[in-house]
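Visitor: Got a structure here, written out as structure tokens. Questions coming.
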Amino acid sequence: MLGEVVNLGPIRMVKVHILFEFKQGPWGGGNQFLKSLKKYLHSIDAYDENIATASAVLFNSHQYIDEVVKAKINNPEKVFIHRIDGPMRLYSRPNDKRDNVVLAANRYLADATVFQSEWSRQQNHRLGLHQKSFEIVIPNAPEPTIFNRNENKSFSTNRKTRLIATSWSPNWKKGFDVYKWLDENLDFDRYEMTFVGKSPVQFKNIRTLPPLSSEDIAEKLKENDIFIFASPIEACSNSLLEALHCGLPVVGPDQSSTPELIGDGGETFSKSDEIPHLLEKITGNYHKYQTGIHNPSMEDVGKRYYDFIVRVQSAGEKVKSFSWVDRIRLRAAIAGLRFSERLGGIAAAVGSSR
């Protein structure tokens, strides 16, 4: 498997550096995915911890953008690959300034773009992202040594069906209206449900656990039967993929990238009151839904990333220049974001003092 990936000849001399501040323990989906991608690149001897000696730089969305700008100025000869989320304004504020930074960074810094879903690609272009000669859709994948089907509990109709949901963010728009509806309306004589993470809702019937490590989340997923995913706007949810890779059929919204990821491994809903019927469909033919789960592994995803970067690197086109005008325009977008963040901080401080 890995030997087949490595044996690609001299083209393997391309080394990648991920410009990202990695966090340990429970953290957001981007952090978890990029840690797994970094591990994969190390496994094929294609990662460089030193940006100065790397051939290509992968940066993520709007994050650590000041460091990305410095890296581009100091390493103008390197290929810069932009992994894009969002658009964030679709689930946050309509004037979310983070999207402005993403659009500007992609236009002035990036030589190529990786989208996490076809939905994300279409929506970013619709909101003004310039199309590049090199762009690709590559979904995420979780860490395979943790999120897998090993030691799964067997499904049985002779007990309550076990449901689980996870969310690192307590943002109400992550689907907590759906979880609240389930807490109030689900037949808990037939189902039991666990929520892992941060919630703005105090559940009465749903068991709540705090954020857990990836290993502990995987263990909890494997103890359950069906994953309930409620966030309506997602570029490519890692929590959803973690459940699918653990072999759990999913019930999720019929919006954004979710149908792309679920495929035949679950059902989608437009209203909360459709969920009980969908749960009945899945429990009535559980094996069909479980065998319908077909998501690429981390090895497949990592290979697609690396092959795409190699293709961009070896295309022979001139690396994108970063002129003074480009810098000014990008800095203006960053300044707008910083000002918006300061205003938000002031508003929060005023609100808390009342």
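Visitor: Would you check if there is a residue in region 324-331 being in a helix (DSSP H, G or I), within 30 Å of Q32 (Cβ to Cβ) and modelled with pLDDT under 95?
Guide: Filtering region 324-331 down to residues in a helix (DSSP H, G or I) leaves 324-331.
Restricting the remaining residues to those that are within 30 Å of Q32 (Cβ to Cβ) gives 330.
Imposing the further condition that a residue be modelled with pLDDT under 95 reduces the set to 330.
Looking through region 324-331, at least one residue is in a helix (DSSP H, G or I), within 30 Å of Q32 (Cβ to Cβ) and modelled with pLDDT under 95.
Visitor: Condition (residue is assigned by TED's automatic domain parsing to the domain that holds V310, of a type in the set (A, V, I, L, M) and either closer than 24 Å to E21 by Cβ or over 19 Å from the mean Cα position of the chain (by Cα) (or both)) applied to region 118-127: is it met by at least one residue?
Guide: Step one: of region 118-127, the residues assigned by TED's automatic domain parsing to the domain that holds V310 are 118-127.
Then keep just the ones that are of a type in the set (A, V, I, L, M); that gives 127.
Narrowing further to those that are either closer than 24 Å to E21 by Cβ or over 19 Å from the mean Cα position of the chain (by Cα) (or both): 127.
The answer is yes; a qualifying residue exists.
Visitor: Name the single residue, out of those in region 27-53 being assigned to a helix (DSSP H, G or I) and among the hydrophobic types (A, V, I, L, M, F, W, C), that is surrounded by the most Cβ atoms within 10 Å (Cβ to Cβ).
Guide: Only one residue fits best here, namely L37.
Visitor: Looking at region 169-187, which of the residues that are part of a loop (DSSP other than H, G, I, E, B) and more than 24 Å from the chain's Cα centre (by Cα) is surrounded by the most Cβ atoms within 10 Å (Cβ to Cβ)? Please lay out each step first, then the result.
Guide: To start, the set of residues in region 169-187 that are part of a loop (DSSP other than H, G, I, E, B) comprises 169-171, 175, 186-187.
Narrowing the set further to residues that are more than 24 Å from the chain's Cα centre (by Cα) leaves 186-187.
Values: L186: 21, D187: 9.
Selected residue: L186.
Visitor: N185 fails exactly one of the following numbered conditions: (1) assigned by TED's automatic domain parsing to the domain that holds I282; (2) in contact (Cβ under 8 Å) with a residue 40 or more places away in the chain; (3) over 27 Å from H277 (Cβ atoms). What is the number of that condition?
Guide: Every condition holds for N185 apart from (3).
Visitor: Moving on. Name the residues in region 108-123 that are of a type in the set (K, R) and either crowded, with 22+ Cβ neighbours inside 10 Å or closer than 30 Å to K222 by Cβ (or both), would you?
Guide: Listed by number, the list is empty, since nothing qualifies.
Visitor: I'd like the residue in region 151-170 that is without any contact (Cβ under 8 Å) to a residue 12 or more places away in the chain and not basic (K, R) and, out of all such residues, is nearest to Y40 (Cα to Cα). Give the steps one after another, and end with the answer.
Guide: Initial filter on region 151-170 (without any contact (Cβ under 8 Å) to a residue 12 or more places away in the chain): 154, 156, 158-159.
Checking the rest, the ones that are also not basic (K, R) come to 154, 156, 158.
Values: S154: 30, S156: 36, N158: 41 Å.
Residue satisfying both the conditions and the ranking: S154.
Residue by residue, here is whether (1) outside any helix (DSSP H, G or I); (2) β-branched (V, I, T); (3) crowded, with 19+ Cβ neighbours inside 10 Å holds:
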| site | (1), (2), (3) |
| --- | --- |
| H125 | no, no, no |
| G128 | yes, no, no |
| Q131 | yes, no, no |
| A141 | yes, no, yes |
| T145 | yes, yes, no |
| E151 | yes, no, no |
| D189 | yes, no, no |
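Visitor: Let me ask something else. Within region 76-104, track down each residue that is polar (S, T, N, Q) and surrounded by fewer than 19 Cβ atoms within 10 Å (Cβ to Cβ). Give the derivation first.
Guide: Looking only at region 76-104, we keep the residues that are polar (S, T, N, Q), and these are 92, 95, 100.
Result: S92, N95.
The values are calculated or read from the model by the stated rules, or taken from the named source; none is laboratory data. Computed from a predicted structure; not experimentally measured. Counting neighbours? That spans all protein chains shown, and the Cβs are built from the backbone with ideal geometry, glycine included.
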